[in-house]
Amino acid sequence: MRKFWIILASVPLALTPFTGFTWWIFSIFSLLVYFRPKIGDWYKRIALPSWAKFILLFLLFGYLTEIFAIVDNLPRPLAERALFSPYPLTDLYLAFGYYLAFAIVWYIILRNFKFKYWEVFIIGGSFGILFEQSGKILLSFNFLAWLYVFLVYGSFQASVPVISENTLGKREISRAKKIIMGIIAEASAFMLAATFLWLLKLPIK
């Protein structure tokens, strides 16, 4: 079963000429799952407070996602780039607030409640379809686009939970409560992200 993750990791790499780089984050996520025991031990040995290493690594995976997205968008005209800003450096500046919001919210949730990494993946991916490009992806009814966004959003949000799963919250809750907490987490993360983006845009207007 573990070897299946190697196969999954290879799919975005093989399809890069057709689908671009952004979903390479799914390859990274798949490799994290495959190497989870070793990387999980490494994560435990990081000499930082739990909140700091969770948030810093979350930002790392978020920035990898954003860099891949920038590479995919560079060939497009400025007006057609699906980024926080059509200008790469400005986009990376704004991305800090966006991914920080998700990192903070998921740390608070996972510090208190026990979620499996795949549960975070499903929750994050599902809400990515709902909110990506302000709902344009959802309303496109393009099921391949839905899958693409699902894998990207699920991957960047679940990458740290893969390696920190046994180090945070131990409180078990029912599946129904996890769904409710997941809805709260995603809604809070998107609202906090919107606030951070607004604040970060003030100095550059």
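The table for this structure:
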item	result
Selection within region 13-29 - part of a helix (DSSP H, G or I) and without any contact (Cβ under 8 Å) to a residue 40 or more places away in the chain	Leu13, Ala14, Thr16, Pro17, Phe18, Ser27
Residues that are within 22 Å of Ser155 (Cα to Cα), modelled with pLDDT under 95 and surrounded by fewer than 18 Cβ atoms within 10 Å (Cβ to Cβ), drawn from region 53-82	Ala82
Selected residue (criterion: modelled with the highest pLDDT) from residues of region 4-47 that are β-branched (Val, Ile, Thr) and open to solvent by 30 Å² or more (accessible area, probe 1.4 Å)	Ile28
Residue in region 167-185 that is acidic (Asp, Glu), in a loop (DSSP other than H, G, I, E, B) and surrounded by fewer than 19 Cβ atoms within 10 Å (Cβ to Cβ) present	yes
Filtered residue count, region 83-93, keeping only those that are surrounded by fewer than 19 Cβ atoms within 10 Å (Cβ to Cβ) and assigned to a helix (DSSP H, G or I)	5
Cross-chain or 6+ apart pairs with Cβ under 7 Å, region 83-98 first and of a type outside the set (Gly, Ala, Ser), then not in a helix (DSSP H, G or I)	Asp91/Leu83; Asp91/Phe84; Asp91/Ser85; Leu94/Phe84; Leu94/Ser85; Tyr98/Phe84
Matching residues in region 186-200 - criterion: being open to solvent by 80 Å² or more (accessible area, probe 1.4 Å) and among the charged types (D, E, K, R)	none
Tally, over region 108-124, of residues that are closer than 20 Å to Leu32 by Cα, assigned to a helix (DSSP H, G or I) and open to solvent by 20 Å² or more (accessible area, probe 1.4 Å)	5
Selection count where residues are free of Cβ contacts under 8 Å to residues at least 40 places away in the same chain, touching a helix residue (DSSP H, G or I) at 6+ places or on another chain (Cβ under 6 Å) and among the aromatic types (Phe, Trp, Tyr), scope region 99-148	1
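The values are calculated or read from the model by the stated rules, or taken from the named source; none is laboratory data. Note that the coordinates shown come from a computational prediction; the quantities given were computed from them, not determined experimentally. Positions of Cβ are backbone-derived with ideal geometry, glycine not excepted, and every protein chain shown enters the neighbour counts. Calculation scope for accessible area: heavy atoms of the full protein, side chains included, ligands and nucleic acids excluded. Shrake-Rupley method; radii C 1.70, N 1.55, O 1.52, S 1.80 Å.
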